Number of protein chains: 2
Amino acid sequence: MSQRDGIKAYLAQCAEAMEAALAHSLPAEWDVPQKLRDAMQYSLEAGGKRLRPALVLAAAEAAGGGKTHRDQTMHVASAIEFIHTYSLIHDDLPAMDNDDFRRGKPTNHKVFGEAMAILAGDALLTHAFYLVTQAASIGGLSADTALAIVGDMSRLAGAPGMVGGQVADMLGEQGITSIGELEYIHLHKTSDLIVFCVTAGGRIGGATPRQLELLSAYGRNIGLAFQIQDDILDLIGDERKLGKKTNSDVEQNKVTYPFLIGLEESKAQVERLTQAAKSAILDAELASPERLLEIADYLVQRDH
Amino acid sequence: MSQRDGIKAYLAQCAEAMEAALAHSLPAEWDVPQKLRDAMQYSLEAGGKRLRPALVLAAAEAAGGGKTHRDQTMHVASAIEFIHTYSLIHDDLPAMDNDDFRRGKPTNHKVFGEAMAILAGDALLTHAFYLVTQAASIGGLSADTALAIVGDMSRLAGAPGMVGGQVADMLGEQGITSIGELEYIHLHKTSDLIVFCVTAGGRIGGATPRQLELLSAYGRNIGLAFQIQDDILDLIGDERKLGKKTNSDVEQNKVTYPFLIGLEESKAQVERLTQAAKSAILDAELASPERLLEIADYLVQRDH
């Protein structure tokens, strides 16, 4: 099995574990309106690559606690899918991107109505924090570590993180002229949650402060590389493999990396960011860095 | 000074401290789009009675830690105003209640647009959890206690709490026929956050598990009494004192306590709930229960 097949199998395994965890995510004994449960569950189970939870698991393993702290890691990995899912539901709303479909399925508000979609998003976001407290309540994770994870999550998903990136994206539509502005958007809209994934996994696995810093650098770099690769695939990707139309950025006049710096320089940039991410991981001297290194390569070599 | 004047002065003092804390709530050094800061700040500063933070402060004092843990308490009190404020912004959206004004000021989406209002709400909710972690990071509050507060907040503000109540309210509009259904809505839409306020204050003040249970009972009862009193004031209140039109519930065909059980029985119910709340506090044998007892009386005697 090639390295590439190995990481694909690993990611598939993580995704499968995640699907199982998300299938019964709200405690059954809670007295919650069924329609709200349905709306939350609909989007949680709407698929996706589950890359973020895989990064939590891979980082926990890298730092040395992936096997001993499997249940705690899964709780935090679920939490990040809750955050990611809420952000997609709110993003798709008529007042935002006004999307009727996501991954081939009708968006949440098309199925449950706008009001329910807003509230389901709010409930998903709120429950993400509950899941982190649960990671500590099952034992094996100190309250200090869990609280640090809550702090990271609220910062990196909030105003100075993901939400700030979404606001900048919204305000900047059509008007972006510099790489600096575009980078601000991607660093916050995409990289911040990825930084959260790998540092949370690192914290659970017992990473040192210096290792957490290097994991952050890894997350920032692969997040940005991932986003530029998305821009590149939209321009030159295979529609059948991508499962969506290409050239949508050009049609929507979206300012992208290839638009600002050209296709070749964008590819070179992805390569540089990937190398920087891998260097950070090597510098961190983690117990088992292999999966994180493979994921960095996988993200840049992917064709969908 | 009468007891009533005393509690009014106390609440005014709490509200003033809260206004000061909310005036610079997001760290100034964070790189956050100015428009997002403005949108969050606009609604945070849009006034209101600030009853919820006062309940956090009063409960912390009652349990014995109000003075020694003033800064920690203020952080958690701010957090609850962030949650309350986000819920109002999302509630006012066109897809929800579609309100153009709140407390005489244009609602958030009327000033900043719908997309920004959704994102400002998301950012406020997320930052509430950050504020709780800050209560611990300044010292004097254990990570265990802060994490328990995070757990309570995510549960009581989330799907099994406030959001669940809002969903039930939305689904039940016009169709509610029983007190049980109406009670579910108010217990979750209103009481759950009040339960959070007094138990969070209690936790900071060092309350025992039994005291926390009795504080919860107090919160449930005054939350429900507050809501029934609102229904009563809408029917027989003084428009000038209320600052809004009365009889709006009748005009909107809203199902209320007076509608279901009559005005006199509603008043009796408010009285019973207030007594039950005060009994719980007396049973709890807290160090300084006075303010909590006075607040229970104040809520039922209020005319606006």
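The numbers here are math on the coordinates, done by the rules we state, and not lab data. Bear in mind the structure is a predicted one, so any value in this text is a computation, not a measurement. Methodologically, a virtual Cβ is constructed for each residue, glycine included, from the backbone with ideal geometry; neighbour enumeration extends over all protein chains shown.
With only alpha-carbon atoms in the gyration tensor, what are the semi-axes of the equivalent ellipsoid for the protein assembly as shown, in Å, largest first?
One finds semi-axes of 44, 27, 21 Å for the protein assembly as shown.
Chain A's nearest residue to the axis relating it to B, judged by Cβ and reported with the distance in whole Å, is A:ALA143, 2. Say we join alpha carbon atoms closer than 10 Å with springs in a Gaussian network model of chain A; which of A:ILE80, A:ILE281, A:ILE138 then has the biggest fluctuation? In the Gaussian network model the winner is A:ILE138. Comparing B:LEU44, B:LEU93, B:LEU57 in a Gaussian network model of chain B (Cα springs below 10 Å), the most mobile by mean-square fluctuation is B:LEU93.
Would you compute, from DSSP H runs of 4+ residues alone, the mean residue ellipticity of chain B at 222 nm, taking -39500 (n - 2.57) per run and dividing by the full residue count, rounded to the nearest 500?
Using -39500 (n - 2.57) per qualifying helix, the result is -23000 deg cm²/dmol.
Comparing segment A:3-301 with the 2.2 N^0.38 Å rule of thumb, its C-alpha radius of gyration ratio is 0.97 (two decimals). Sparsely packed loop sites in segment B:238-304 (the trypsin sites (Lys or Arg not before Pro) outside DSSP H, G, I, E and B with at most 10 other Cβ atoms within 10 Å) comprise B:LYS245. Near B:ARG4, within a Cβ-to-Cβ distance under 12 Å, what is the net charge of the other residues, with Lys and Arg +1 and Asp and Glu -1? Its environment carries a net charge of -2.
Restriction of the trypsin sites (Lys or Arg not before Pro) in segment B:54-106 to DSSP coil positions whose beta-carbon has at most 12 other beta-carbons within 10 angstrom yields B:LYS67, B:ARG103. Among the lysines of chain A, pairs that are 8 or more positions apart or on different chains and have alpha carbons within less than 17 Å of each other number 12. Over segment B:1-111, the alpha carbon radius of gyration divided by the compact-protein estimate 2.2 N^0.38 Å works out to 1.19.
For the segment A:103-116, counting C-beta atoms of other chains within 10 Å of every residue's C-beta and taking the mean gives 2. Summarising the label geometry, the points placed 7 Å from Cα in the beta-carbon direction at B:SER279 and B:ALA23 lie 4.5 nm from one another.
Taking the charge dipole of the protein assembly as shown about its Cα centre, with +1 at Lys and Arg Cβ atoms and -1 at Asp and Glu Cβ atoms, the residue from A:GLY104, B:VAL132, B:THR85 reaching farthest to the positive side is B:VAL132. Could you compute the FRET efficiency for A:GLU45 and A:ASN98, with r as their C-beta to C-beta distance and R0 at 35 Å, rounded to 0.05? Calculated transfer efficiency: 0.95. Computed on the Cα atoms alone, the convex hull of segment B:2-62 gives a volume of 82 cubic angstrom per residue.
Inter-copy label distances at A:GLN13, shortest first and taken from points set 7 Å along Cα to Cβ: 6.2 nm.
Reported to the nearest whole Å, the Cα centre-to-centre distance from segment B:141-202 to segment A:70-105 is 23.
Give me the distance between the Cα centres of segment A:7-21 and segment B:13-45, rounded to whole Å. For segment A:7-21 versus segment B:13-45, the Cα centre distance is 41 Å. The relative contact order of segment A:3-301 comes to 21 percent, based on Cα pairs under 8 Å that sit 6 or more residues apart.
Look at A:ILE7, A:ILE261 and count the other Cβ atoms within 10 Å of each Cβ; fewest to most, that gives A:ILE261, A:ILE7. Starting from the label point of A:ASP38 at 7 Å along Cα→Cβ, the same points in the other copies fall at 4.1 nm, in ascending order.
The modelled label-to-label distance between B:ASN253 and A:THR68, using points 7 Å beyond Cα along the C-beta direction, is 6.4 nm.
Within a Cβ distance under 15 Å of A:LYS67, other residues only, what is the Lys/Arg minus Asp/Glu net charge?
Residues close to A:LYS67 contribute a combined charge of -1.
For peptide B:27-37, the mean count of partner chain Cβ atoms within 10 Å of a residue's Cβ comes to 5. Sites listed here are GluC sites (Glu not before Pro) in segment A:197-304 whose DSSP assignment is loop and whose Cβ has at most 11 other Cβ atoms within 10 Å: A:GLU285. With the convex hull of its Cα atoms as the shape, segment B:238-304 has an orientation-averaged projected area of 5.5 nm².
Placing a label point 7 Å from Cα along the Cα-to-Cβ direction at B:GLU271 gives distances to the equivalent points in the other copies of 8.4 nm, listed shortest first. Taking all Cα pairs closer than 8 Å and separated by 6 or more residues, the relative contact order of segment B:117-221 comes to 23 percent. Neighbours of A:ALA117, meaning other residues whose beta-carbon lies under 9 angstrom from its beta-carbon, give a summed charge of -1 when Lys and Arg score +1 and Asp and Glu score -1.
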